[in-house]
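Each remark here refers to the structure printed beneath this line.
The values are calculated or read from the model by the stated rules, or taken from the named source; none is laboratory data. Bear in mind the structure is a predicted one, so any value in this text is a computation, not a measurement. Note that each Cβ is placed from the backbone with ideal geometry, even for glycine, and that neighbours are counted across all protein chains shown. Keep in mind that these areas ignore ligands, DNA and RNA; they rest on the heavy atoms of the full protein, side chains included. Shrake-Rupley method; radii C 1.70, N 1.55, O 1.52, S 1.80 Å.
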Amino acid sequence: MISNQILQNTIDGLKGIARVDFCIMDTDGKETASTSASMSGCAAEAAEFAKSPADSQEIKGFQYFKIYDEQQLEYILIAAGTGEDVYVAGKMTAFQIQNLLVAYKERFDKDNFIKNLLLDNLLLIDIYSRAKKLHIQTDVKRVVMIVETADGKDNNVLEAMRIYFGSGSRDFITAVDENNVIVVKDLSDGESAAEIEKAALGIESYLTKEGMKGIHIAYGTVVKEIKEVSRSYKEAKMAMDVGKIFFDDRNIMAYSELGIGRLIYQLPIPLCKMFIKEIFGGKSPDDFDEETLTTINKFFENSLNVSETSRQLFIHRNTLVYRLDKLQKNTGLDLRVFEDAITFRIALMVVKYMNYMESFEY
């Protein structure tokens, strides 16, 4: 649970204060961390001491101490030297490591609780009882953010996020798979959309400085009860997927901004294929040439304004009208008519969604 590196850093720091060498071994006498190579010869004595009823003992010029994790013997601490000062230093070091075990266990328990909460693996009564036991507030406003990078499988992303938020943060940082990091953000200090967006921009900026690439951040809606956190997580997941399909030019996506893309994302593929066949017959928007697609997209960008579209495309108004007439002849849809334009726009989005989903089948 607690890493050997943390134990090593702890006894290194305590050696600098007490000027006493320390060694930590497991109950079998295997060295875990040490400030002196000469203490590796204490393995046999440590294993024997682990079996004895004593909690501390002086053996061959060394002080031995037992370190427990909830009454279960976890480590043997050895302090080099004898005398009252060495004994006190050893006792304080053993106490410090025991507290570290408790702190890291609590962190692990909280992380495990948050993961199960996100995945809907807890009964309602268990959510509130475990939250109380772990001292987690249940009525705080929160939002779930998903952070994904091109290095999604690199554990450095998770560690970088924990460093960014700091150990004293009221936010929870975890991961339920190898592809992304999840932030359950505490919003007790403010819940406006602007503040959430600002937090997302801060994360993106930090990860960029850390050398991460391909950063995408998505977040759900604000929830007021801990039992609703899983809903915000599902919304964030949808925002991540829908954002990649319909808003691929954006790195930060909010569930509340998905618009009609959210509805299309939930359509079954057979229904989508039927709709496209009814609109375009045997054709697909993918078959249109680049010039036609550019014209269509620019026309939509300018809210079906013929004059502004022709100006931005650097073509005569009559040329644009000719292209629109040609498109109407091929598809039966006149983009200058609002209803036809809506149908065509939705059809383009449906095709984009179908292509995205089919790319995962191969």
Requested in this report: Name the lysines eligible as straight-distance cross-link partners of Lys15: C-alpha to C-alpha under 18 Å, and not fewer than 8 places from it in the same chain.
Outcome: Lys91
Query raised in the report: Toward the positive end of the charge dipole of the chain, about the Cα centre and with charges on Cβ (Lys, Arg +1; Asp, Glu -1), which of Met25, Asn251, Leu271 goes farthest?
Result: Leu271
Query raised in the report: Roughly how big is the stretch 19-99's charge dipole about its Cα centre, with Cβ charges of +1 (Lys, Arg) and -1 (Asp, Glu), in debye to the nearest 20?
Result: 140
Query raised in the report: What accessible area per residue, rounded to a whole number of Å², is obtained for the chain using a probe radius of 1.4 Å?
Result: 55
Query raised in the report: Karplus couplings for the stretch 33-42 from phi (6.51 cos²θ - 1.76 cosθ + 1.60, θ = phi - 60°), rounded to Hz, Gly and Pro as x?
Result: 7, 7, 9, 8, 5, 5, 8, 5, x, 8
**Report entry** Degrees separating the helix 156-165 axis from the principal Cα axis of the chain, which is the longest one
**Finding:** 80
Requested in this report: Work out, step by step, the length gained on full extension between Lys329 and Asp111: first 0.36 nm times the residue separation, then minus their alpha carbon distance; give nm to one decimal.
Outcome: 72.5 nm
Query raised in the report: Dipole of the chain (Lys/Arg Cβ +1, Asp/Glu Cβ -1, origin at the Cα centre): which of Ala199, Ser307, Ile173 lies farthest to the positive side?
Result: Ser307
Report summary line: Rounded to a whole %, the carbon-and-sulfur portion of the accessible area of the stretch 12-169 at a 1.4 Å probe is 50
Report summary line: With Cα coordinates, the longest principal axis of the chain makes an angle with the long axis of helix 4-18, in degrees rounded to 10, of 50
Requested in this report: Ratio to report: Rg/Rh of the stretch 232-324, with Cα atoms as the point set and Rh obtained by the Kirkwood method; give two decimals.
Outcome: 1.06
Query raised in the report: Rounded, prolate or oblate: which one fits the stretch 139-270, using the alpha carbon gyration tensor with axes a ≥ b ≥ c (rounded when a/c is under 1.5, else prolate when a/b beats b/c, else oblate)?
Result: oblate
Query raised in the report: How much accessible surface area, in Å² rounded to 10, belongs to the heavy atoms of Leu333 with a 1.4 Å probe?
Result: 20
Requested in this report: Quote the accessible area belonging to Met274 in square angstrom, nearest 10, computed with a 1.4 Å probe and with ligands, DNA and RNA left uncounted.
Outcome: 110
Requested in this report: Mind running the shape call on the stretch 280-358? Use the C-alpha gyration tensor, a ≥ b ≥ c as the square roots of the eigenvalues: rounded below 1.5 for a/c, prolate if a/b tops b/c, oblate otherwise.
Outcome: prolate
Query raised in the report: Want the number for Glu290 to Ala37: 0.36 nm per residue separation, take away the alpha-carbon distance, what's left?
Result: 84.0 nm
Query raised in the report: Just how large is the dipole of the chain about the Cα centre, in debye to the nearest 20, putting +1 at every Lys and Arg Cβ and -1 at every Asp and Glu Cβ?
Result: 860
Query raised in the report: With all protein chains present and a 1.4 Å probe, how do Val181, Val222 order by accessible area, largest first?
Result: Val222, Val181
**Report entry** Electrostatic dipole magnitude of the stretch 53-159 [Cβ: Lys, Arg +1; Asp, Glu -1; Cα centre; debye, to 20]
**Finding:** 300
Query - DSSP bridge pairs, the chain: antiparallel proportion in percent, nearest 5 - result: 90
**Report entry** Three-way shape label, the stretch 201-247, alpha-carbon gyration tensor, a/c 1.5
**Finding:** oblate
Requested in this report: Order the following by accessible area, largest value first: Arg323, Arg317, Arg311, Arg250. Probe radius 1.4 Å; ligands, DNA and RNA are ignored.
Outcome: Arg311, Arg317, Arg250, Arg323
Query raised in the report: Quick one: if the Förster radius is 41 Å, what FRET efficiency do Phe95 and Met357 give, using the C-beta to C-beta distance and rounding to 0.05?
Result: 0.10
**Report entry** Between 0 and 90°, nearest 10: helix 84-118 axis offset from the chain longest Cα axis
**Finding:** 30
**Report entry** Table column - 3J(HN,Hα) (Hz), the stretch 167-180, Karplus curve with 6.51, -1.76, 1.60, x for Gly and Pro
**Finding:** 6, x, 6, 8, 8, 10, 10, 8, 8, 10, 8, 8, 8, 8
Query raised in the report: Of the lysine pairs in the stretch 217-335, how many meet both conditions: Cα atoms under 25 Å apart, and a spacing of 8 or more in sequence or different chains?
Result: 20
Report summary line: Heavy-atom accessible area of Thr149, protein chains in place, probe 1.4 angstrom, given in Å² to nearest 10, is 10
Report summary line: With Cα springs under 10 Å, the Gaussian network model of the chain assigns the largest mean-square fluctuation among Met212, Met161, Met25 to Met25
